[in-house]
């Protein structure tokens, strides 16, 4: 519950805030005192940079390690004389106490400290920006905060048109919104060692992507690699008809079903290729617990001469289970989309399913390894329960709920994930992120708060906030093509 709410825009909305009056004022340089037990050095480096950005290039944060602090404490102060840490109540992730002496935080771990810092950055207010007279303030307050959903993820796509600076903006904004996981899907935009045609000529090298993954980790997020293992084998949107492999080398056609949209999973060359892809992406993305395998919208599954002469359902269930088994070698769990596991004749609007009577892919559900996590994307549910998610849970699977860009849909699925105690929530952005980056703070806020209602969220306000935040997160120093989140001002 928020009491005595000051007109300070903080996303996600903290669980409890109390503004007591008065401010902690500071000039250009302050100390950040952390425990010597704090291990995420990349986080400290990035937080220093962000502090300078959020103080509009006028401030400096001096990191100082202290043996007297517990590992779950840190302070921002101009004087170490009067440090007073708040008590962290059971079940809360962090507590912030601000008085005239500084900002003091108690958390349940390093991620809690990073999330508290994300809140503090948004509370900085400039008082004077005249050179030599810089002054800022943070309102005196007490904040106790915790998320409604523990696994809070966002899925982003990297297209040929996606710039590195845009990816950096998305990662930093996602971290500021306290997401725990970020799924990165390269649409032909990462160069693989195993086969050059898996990437467009202008794809990024792994060395170009590693610093961005490092930033995601610094902000407390696990990077989940994604590669489609059934449908979407083109690495392009179906509406535009491109194919990353076959447009470069048509002699690779045997890797796919005849139309190219779906991988041919009867072909051992395909199976071995995808195994090497997983290995490369896991190495690139670093430590983690998951791998997103896709497996949605396989419209042309088992249509080649090799596949259609087999037992299609055994072929598919054995294939998906083999993926789960391989990932266990990396101590990871596979995540698969749920649509092909839902019978179109049973699940009616607004629920969405893609298992047609001529495919019957939903019949493999009971045969699947329960280590797999089902990501139930339901883009048309805008109120009430999410019955498909409950169905998967009844079958013994951990379930993630995924909305898309509709505000009511985001609110409904975040509330649904909380109400049924689902494994998690994963916002999807697909091709819309470069037009609607406000999806990030909206989804971050809803998944943190849990029960958010459409009427409580002002989209235009959040869009303005998103613009303000991304200017501070990644300054562009006057370069027009890097500003904002869309390359063409005439598009909207």
| note | Here the residues within the range 17-33 that are in contact with a helix residue (DSSP H, G or I) (Cβ under 9 Å, 6 or more places away or on another chain) and either closer than 16 Å to residue 142 by Cα or surrounded by fewer than 17 Cβ atoms within 10 Å (Cβ to Cβ) (or both) are none
| query | Mind checking which pairs have a first residue in the range 223-235 that is closer than 14 Å to residue 287 by Cα and a second that is in a loop (DSSP other than H, G, I, E, B) and at pLDDT 95 or above, Cβ under 7 Å, 6 or more apart or different chains? | reply | 223/286; 223/288; 224/288
| Looking at this structure, is residue 459 within 24 Å of residue 53 (Cα to Cα) and either within 22 Å of the chain's Cα centre (by Cα) or modelled with pLDDT under 95 (or both)? | no
| Could you say which residue among 325, 343 is in contact with a helix residue (DSSP H, G or I) (Cβ under 8 Å, 6 or more places away or on another chain) and either buried (at least 21 other Cβ atoms within 10 Å of the Cβ) or at pLDDT 95 or above (or both)? | 343
| field | Sole residue being outside any strand (DSSP E or B) and at positive phi, chosen from 235, 253 | value | 235
| task | Check the range 379-392 and report whether any residue there is in a loop (DSSP other than H, G, I, E, B) and closer than 24 Å to residue 185 by Cα. | result | yes
| field | the range 100-114, subset outside any strand (DSSP E or B) and touching a helix residue (DSSP H, G or I) at 6+ places or on another chain (Cβ under 9 Å), residue farthest from residue 61 (Cα to Cα) | value | 110
| said: With the structure loaded, tell me whether residue 339 is farther than 27 Å from residue 310 by Cα, touching a residue at least 24 places away in the same chain (Cβ under 8 Å) and in the same structural domain as residue 289 (by TED's automatic domain parsing) or whether it fails that test. | reply: no
| said: I'm told residue 93 meets every condition in (1) surrounded by fewer than 20 Cβ atoms within 10 Å (Cβ to Cβ); (2) touching a strand residue (DSSP E or B) at 6+ places or on another chain (Cβ under 8 Å); (3) under 24 Å from residue 173 (Cβ atoms) except one. Can you identify the failing condition by its number? | reply: (1)
| query | Do the conditions hold for residue 319, that is, is it in a loop (DSSP other than H, G, I, E, B) and either assigned by TED's automatic domain parsing to the domain that holds residue 228 or touching a residue at least 12 places away in the same chain (Cβ under 8 Å) (or both)? | reply | no
| field | Restricting the range 248-288 to residues that are closer than 19 Å to residue 212 by Cα and surrounded by fewer than 14 Cβ atoms within 10 Å (Cβ to Cβ), the residue that is nearest to the chain's Cα centre (by Cα) | value | 287
| query | From the set of residues in the range 467-482 that are outside any helix (DSSP H, G or I) and free of Cβ contacts under 8 Å to residues at least 12 places away in the same chain, which is surrounded by the most Cβ atoms within 10 Å (Cβ to Cβ)? | reply | 479
| request: Kindly check whether there is at least one residue in the range 129-144 that is within 21 Å of residue 290 (Cβ to Cβ) and outside any loop (DSSP other than H, G, I, E, B). | output: no
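The values are calculated or read from the model by the stated rules, or taken from the named source; none is laboratory data. Values in this document were obtained by computation on a predicted structure and should not be read as measured data. Glycine gets a Cβ as well: all are built from the backbone with ideal geometry, and neighbour counts include every protein chain shown.
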